[in-house]
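In what follows, a single structure is set out as structure tokens and then discussed.
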Amino acid sequence: MQVLKKIIGQPWKIVEIENSLQSLQNEVGGFIETVIFENAAVICDEDGRFKQKQYNTSVCGISFVGDILLVGIKNNNGFCDLPYINTFENLLNAGRKR
């Protein structure tokens with residue numbers, strides 16, 4: 001699935017990943033935790049703060065540590081390609097340049 005990934009210190013980037021629990025865990029470096037917004041979700045390492053991972057970014061006022069993903073939500077029951085991925089990438093990276 002096509003999602004956005006934010007690695008610490010780097011801009012958001014479009015990546016293709018497998019839609020599986022193992023793949024999501026590998027991408028964020030631990031057990032996943034999701035923060036759901038309307039039709040998208042940020043996926044992060046649920047123990048990132050406990051592991052003292054470095055601050056990455058804020059999304060809608062919520063701070064995240066470690067590598068994170070922004071994915072689409074389908075029918076509130078699973079993950080999918082992020083809709084309007086290019087628009088999200090441009091908006092999130094534009095905010096980074098401020």
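Miscellaneous remarks
- Summed over the range 1-19, residues that are open to solvent by 30 Å² or more (accessible area, probe 1.4 Å) and out of contact with any Lys or Arg (no Cβ under 9 Å at 6 or more places or on another chain) total 6.
- Top-ranked residue of the range 71-81 - restricted to ones that are open to solvent by less than 80 Å² (accessible area, probe 1.4 Å) and not β-branched (Val, Ile, Thr), ranked as farthest from Leu21 (Cα to Cα): Gly72
- Residue check for Val42: surrounded by 18 or more Cβ atoms within 10 Å (Cβ to Cβ) and either closer than 15 Å to Gln10 by Cα or within 12 Å of the chain's Cα centre (by Cα) (or both): yes
- The residues in the range 53-70 that are in contact (Cβ under 8 Å) with a residue 12 or more places away in the chain and either open to solvent by 30 Å² or more (accessible area, probe 1.4 Å) or not in a strand (DSSP E or B) (or both) can be counted, and the count is 7.
- Number of residues in the range 21-37 that are open to solvent by 30 Å² or more (accessible area, probe 1.4 Å), at negative phi and not hydrophobic (A, V, I, L, M, F, W, C) equals 6.
The values are calculated or read from the model by the stated rules, or taken from the named source; none is laboratory data. Everything quoted here is computed from the prediction, not taken from an experiment. Here Cβ is always computed from backbone atoms with ideal geometry, including for glycine, and neighbour counts include all displayed protein chains. Accessible surface is based on the protein model in full, side chains and every heavy atom, while ligands, DNA and RNA are left aside. Shrake-Rupley method; radii C 1.70, N 1.55, O 1.52, S 1.80 Å.
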